[in-house]
Each structure stands twice: as structure tokens, then as C-alpha cells.
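Comments concern the structure below.
Each reported figure results from applying straightforward, stated rules to the coordinates on display, with no laboratory input. Worth saying up front: this structure is predicted, and the values here are computed from it rather than measured. Neighbour counts run over all protein chains shown; Cβ positions are idealised from the backbone, glycine included.
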Amino acid sequence: MDKHTRYQGAIVRDHQLLLLQQAQLSTGQSYWVLPGGRPEPGETEAQCVQREMLEETGLRVEVGELLLDEQITWGTIKRRKTYLCLAPSGMPKPGYESESAYASDFRFTAVQWIDLRSPIGWSEEVVSDPNKREILQRIRTALGYV
């Protein structure tokens with residue numbers, strides 16, 4: 001698999017999408033992200049997504065359909081693939097960053113469910129980030145909420 005691709009999961013439960021708050025220790029900035037990362041050697045895309053969801057949220061997920069496959073420019077990442085993930089049970093919690101290049105500077109600090117049916121109740125931190133708002137709208141569209 002391509003090390004320049006980020007595989008991430010849109011964990012959905014009861015019309016809610018799970019986001020993780022990630023803090024960058026060196027800058028003090030924090031932002032909301034979908035859980036995900038890069039593959040380990042020998043992993044399939046689904047295995048990568050399952051592992052990343054477990055590490056970063058503590059949830060065991062069923063990986064479903066590919067929702068988005070996008071060309072991006074984000075550091076060394078050139079492509080982002082977002083899969084629908086179902087987590088029928090369990091309580092999410094901030095997990096850990098397993099990639100050694102990021103583990104010393106990044107921490108997951110909180111989880112938040114956002115309602116896919118309407119962005120009206122989304123937190124200001126989510127709404128104020130135009131990149132995050134756009135991908136969330138594309139996920140809503142892919143899932144038939146728009």
C-alpha cells in the first residue's frame with residue numbers, strides 16, 4: 001500500500017459521526033480530526049482502518065464502503081481515503097498516536113459525536129475550520145444526509 005495515503009474512518013452510530021480532538025504539543029494548537037493513519041507493512045486497507053480506529057478511539061469497528069477517495073496535499077500525504085465504519089457497541093475514548101514520527105508531539109485529548117443530520121449543533125471549533133467543514137459536508141453527502 002502507498003505510504004503517501006492516509007486511511008481514515010468515518011465512525012457512524014445513530015446518525016452521529018465521531019471526531020477526535022488532536023493537540024500539537026509544540027504549538028499548543030488543537031483541532032478535530034477523523035481517526036486514521038498510514039498502513040503498516042502487509043496490511044490491507046481495511047486492516048489499517050480497523051487498527052487505527054482501535055488505537056485512536058478504543059473502538060472495534062466493522063469497515064464498510066469507501067466513502068471518499070481524494071487527492072490532497074498535507075505534508076507527505078497526497079491521498080486520503082475515508083471508509084464508513086460501524087461500531088455497534090463500546091464507548092470511544094482518546095487513544096494514542098502509534099506513528100513514531102508523530103507520537104512525541106501529538107496527543108488525542110477528547111472525542112465528540114456530531115449529528116450528521118444537521119450542522120446547526122456542531123461546535124464552533126469544527127465549524128470554524130473550513131477544511132474540516134468541507135470534508136464533513138462531503139461525508140454527509142456520501143451518506144445521503146444532504
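Across region 10-32, the qualifying residues are those that are within 11 Å of CYS85 (Cβ to Cβ) and β-branched (Val, Ile, Thr), and the one among them that is surrounded by the fewest Cβ atoms within 10 Å (Cβ to Cβ) is VAL12.
Rundown of residues vs (1) touching a Cys at 6+ places or on another chain (Cβ under 9 Å); (2) part of a strand (DSSP E or B); (3) not acidic (Asp, Glu), yes/no style:
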| residue | (1), (2), (3) |
| --- | --- |
| GLY9 | yes, yes, yes |
| SER26 | no, no, yes |
| ALA46 | no, no, yes |
| LEU67 | no, yes, yes |
| THR73 | no, yes, yes |
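Can you pull out every residue in region 33-55 that is within 13 Å of ALA10 (Cβ to Cβ) and either buried (at least 19 other Cβ atoms within 10 Å of the Cβ) or more than 13 Å from the chain's Cα centre (by Cα) (or both)? Spell out the reasoning first.
Taking region 33-55 as the starting set, the residues that turn out to be within 13 Å of ALA10 (Cβ to Cβ) are 33-36, 49, 52-53.
Listed by number, the residues that qualify are LEU34, PRO35, GLY36, VAL49, GLU52, MET53.
Only one entry in GLU134, GLU125, GLU70 is out of contact with any Ser or Thr (no Cβ under 9 Å at 6 or more places or on another chain), surrounded by fewer than 16 Cβ atoms within 10 Å (Cβ to Cβ) and either within 19 Å of HIS4 (Cα to Cα) or of a type outside the set (S, T, N, Q) (or both), namely GLU134.
Across region 113-122, which residue is surrounded by the fewest Cβ atoms within 10 Å (Cβ to Cβ) among those that are of a type outside the set (Val, Ile, Thr) and within 23 Å of ILE72 (Cβ to Cβ)?
Of everything passing the filter in region 113-122, PRO119 is surrounded by the fewest Cβ atoms within 10 Å (Cβ to Cβ).
When you look at GLU97, is it assigned to a loop (DSSP other than H, G, I, E, B), charged (D, E, K, R) and touching a residue at least 12 places away in the same chain (Cβ under 8 Å), yes or no? Yes: the conditions hold for GLU97. Of ARG117, ARG140, ARG133, all but one fail to be farther than 21 Å from GLN29 by Cβ, under 15 Å from the mean Cα position of the chain (by Cα) and touching a residue at least 12 places away in the same chain (Cβ under 8 Å); the exception is ARG140.
Answer yes or no as to whether TYR83 is surrounded by 15 or more Cβ atoms within 10 Å (Cβ to Cβ), of a type in the set (Ser, Thr, Tyr) and in contact (Cβ under 8 Å) with a residue 12 or more places away in the chain. If you could, list the steps in order and put the result at the bottom.
Working: surrounded by 15 or more Cβ atoms within 10 Å (Cβ to Cβ): yes; of a type in the set (Ser, Thr, Tyr): yes; in contact (Cβ under 8 Å) with a residue 12 or more places away in the chain: yes.
Taking the combined requirement at face value, the residue satisfies it.
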